[in-house]
């Protein structure tokens, strides 16, 4: 089993804290105050989520990350639930341009929030790993928080 390097652990913890802050505090504050200048904050949130996923992928069986896997699932669900409010405050063209500019694969579903069908039920907090997201058009995007399999 590959143990997490202290530098990667610090990188992960920082990205996780920032992602948690963005999802639980910053996005709701933007909605509450009806602020529209969300572009840079959303970019930052998405890149933090990328960092988290990179570390999860690199250290699949790291026991230190086990608690975070469950917590990230809850944050991911909160992000999906906030997508309507998010896109009411951000031009879709910005979001799509950022996704294209960064050549983001569909496996990073958080970059494809705009394609989740609005009439579909959001992903449940208890969703299984690999749950397909209800995207507007067919894709390979899945909700995979990389929970350790037993």
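Restricting attention to segment 40-93, the residues that are outside any helix (DSSP H, G or I) and in contact (Cβ under 8 Å) with a residue 60 or more places away in the chain total 3. Taken together, 60, 73 contain a single residue that is in contact with a strand residue (DSSP E or B) (Cβ under 9 Å, 6 or more places away or on another chain), at pLDDT below 95 and either more than 22 Å from residue 116 (Cβ to Cβ) or crowded, with 17+ Cβ neighbours inside 10 Å (or both), which is 73. Being touching a residue at least 24 places away in the same chain (Cβ under 8 Å), touching a helix residue (DSSP H, G or I) at 6+ places or on another chain (Cβ under 9 Å), farther than 19 Å from residue 99 by Cβ and surrounded by 13 or more Cβ atoms within 10 Å (Cβ to Cβ): is that true of residue 8 here? So residue 8 passes the test. Scanning segment 21-39 for residues that are buried (at least 17 other Cβ atoms within 10 Å of the Cβ) and either part of a loop (DSSP other than H, G, I, E, B) or modelled with pLDDT of 90 or more (or both) yields 22, 23, 38.
The one condition from (1) more than 17 Å from the chain's Cα centre (by Cα); (2) at pLDDT 90 or above; (3) surrounded by fewer than 13 Cβ atoms within 10 Å (Cβ to Cβ); (4) not in a helix (DSSP H, G or I) that residue 3 does not meet is (2).
The residue that is farthest from residue 42 (Cα to Cα), counting only those in segment 96-118 that are assigned to a helix (DSSP H, G or I), touching a strand residue (DSSP E or B) at 6+ places or on another chain (Cβ under 8 Å) and modelled with pLDDT of 90 or more, is 109.
Given the criteria surrounded by 15 or more Cβ atoms within 10 Å (Cβ to Cβ), in contact with a strand residue (DSSP E or B) (Cβ under 7 Å, 6 or more places away or on another chain) and modelled with pLDDT under 95, does residue 83 qualify? Full working, then the answer.
On the way: surrounded by 15 or more Cβ atoms within 10 Å (Cβ to Cβ): yes; in contact with a strand residue (DSSP E or B) (Cβ under 7 Å, 6 or more places away or on another chain): yes; modelled with pLDDT under 95: yes.
Here the answer is yes, as residue 83 does meet what is asked.
The values are calculated or read from the model by the stated rules, or taken from the named source; none is laboratory data. It should be emphasised that the depicted structure is a prediction, and the values quoted were computed from it without experimental measurement. Don't worry about glycine lacking a Cβ; one is built from the backbone with ideal geometry, like all the others, and counts go over all protein chains shown.
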